[in-house]
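Down below is the structure, laid out as structure tokens.
The values are calculated or read from the model by the stated rules, or taken from the named source; none is laboratory data. Remember, it's a predicted structure, so these values are computed and weren't measured experimentally. Because the Cβ atoms are built from the backbone with ideal geometry, glycine has one as well, and the counts that use them run over all protein chains shown.
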Amino acid sequence: MMTGNSISKVPVVSKQYCSGSEIVLYVRRRPHVVNGGGFVVVDGNQKIVFRVDGCGILGRKEELVVRAGDGSELLLVRRKGGVMEALSLCRRWRGYAHDLEGSQKPIFCLREPSNSCLWMKNPITISVTSNEYTGFRDFEIRGDFTNRNCSIVDSSGRIAAQVGMCKEVEVVMASRDLYNVVVKPGIDQAFVFGVIAILDYIYDGSTRC
């Protein structure tokens, strides 16, 4: 978020993952694992920034874990079920972080239209629920994640992060297993990849069994 000529960092998970400048990160399937293994996120020097564990590793469907490069857990993401959701027009996913006491606290909610007929009229939306967060609280997904061409856009219409195909991959072959994510200044990268982990699962990606 811009404040005058400076960048305001607005962490959802941690200010550690809010950069003062635009950053490009690269996503690839984690190699040599069973289906549902997840993916890794690396920077331009091939250093691992995040790891996402899918249900093949966790052993639980509709649950994902976003970890830092050193393996420490940053986010637990799970789909909320129950009778009320079954009657709802949306499927809800929630992201949980750990507070200072180590307890899990909900920090964002992603709503996925449960009826494919409503898809075009009702895009995937995300609401930040963390009490400490001071930025735009509402986001939506615009574009087509299956073709690695979409954006996370805040309620002002400003792009927070953009998913695109790597140029190297475009030249050689079309692949959904290697793509880049451009995260705008001040945006929490851990939050962005928590959202991308859910999109990967929804669209039968590497996190899903």
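I'd like to check something: does region 178-189 contain any residue that is modelled with pLDDT under 95, more than 19 Å from Cys18 (Cα to Cα) and surrounded by fewer than 16 Cβ atoms within 10 Å (Cβ to Cβ)?
No, region 178-189 contains no residue that is modelled with pLDDT under 95, more than 19 Å from Cys18 (Cα to Cα) and surrounded by fewer than 16 Cβ atoms within 10 Å (Cβ to Cβ).
Look at Asp144 and say whether it is within 15 Å of the chain's Cα centre (by Cα), more than 19 Å from Gly95 (Cβ to Cβ), of a type in the set (Asp, Glu) and modelled with pLDDT under 95.
In short, yes.
Confirm whether Val195 is among the aliphatic types (A, V, I, L, M), outside any loop (DSSP other than H, G, I, E, B), modelled with pLDDT of 95 or more and surrounded by 13 or more Cβ atoms within 10 Å (Cβ to Cβ).
yes
Residues of region 20-52 being free of Cβ contacts under 8 Å to residues at least 60 places away in the same chain and of a type in the set (D, E, K, R), which ones?
Selection gives Asp43, Lys47, Arg51.
If I go through region 87-100 residue by residue, how many of them are at pLDDT below 90, within 21 Å of the chain's Cα centre (by Cα) and either charged (D, E, K, R) or exposed (fewer than 13 other Cβ atoms within 10 Å of the Cβ) (or both)?
Qualifying residue count, region 87-100: 2.
Taking the condition of being assigned to a loop (DSSP other than H, G, I, E, B), within 21 Å of Pro185 (Cα to Cα) and either in contact with a Lys or Arg (Cβ under 7 Å, 6 or more places away or on another chain) or hydroxyl-bearing (Ser, Thr, Tyr) (or both), how many residues in region 21-68 meet it?
Here is the first cut: in region 21-68, the ones assigned to a loop (DSSP other than H, G, I, E, B) are 21-22, 30-37, 43-47, 54, 59-62.
Narrowing the set further to residues that are within 21 Å of Pro185 (Cα to Cα) leaves 21-22, 43-47.
Next, from what is left, pick out any that are either in contact with a Lys or Arg (Cβ under 7 Å, 6 or more places away or on another chain) or hydroxyl-bearing (Ser, Thr, Tyr) (or both): 21-22.
Counting residues in region 21-68 that are assigned to a loop (DSSP other than H, G, I, E, B), within 21 Å of Pro185 (Cα to Cα) and either in contact with a Lys or Arg (Cβ under 7 Å, 6 or more places away or on another chain) or hydroxyl-bearing (Ser, Thr, Tyr) (or both) gives 2.
Working carefully through the options Ser114, Ser156, Ser127, Ser103, find the one that is hydroxyl-bearing (Ser, Thr, Tyr), surrounded by fewer than 17 Cβ atoms within 10 Å (Cβ to Cβ), under 26 Å from Arg60 (Cα atoms) and modelled with pLDDT of 80 or more.
Answer to the check: Ser127.
Would you say Leu75 is closer than 19 Å to Tyr179 by Cβ, at pLDDT 95 or above and under 15 Å from the mean Cα position of the chain (by Cα)?
Considered against the rule, which asks whether it is closer than 19 Å to Tyr179 by Cβ, at pLDDT 95 or above and under 15 Å from the mean Cα position of the chain (by Cα), Leu75 comes out as no.
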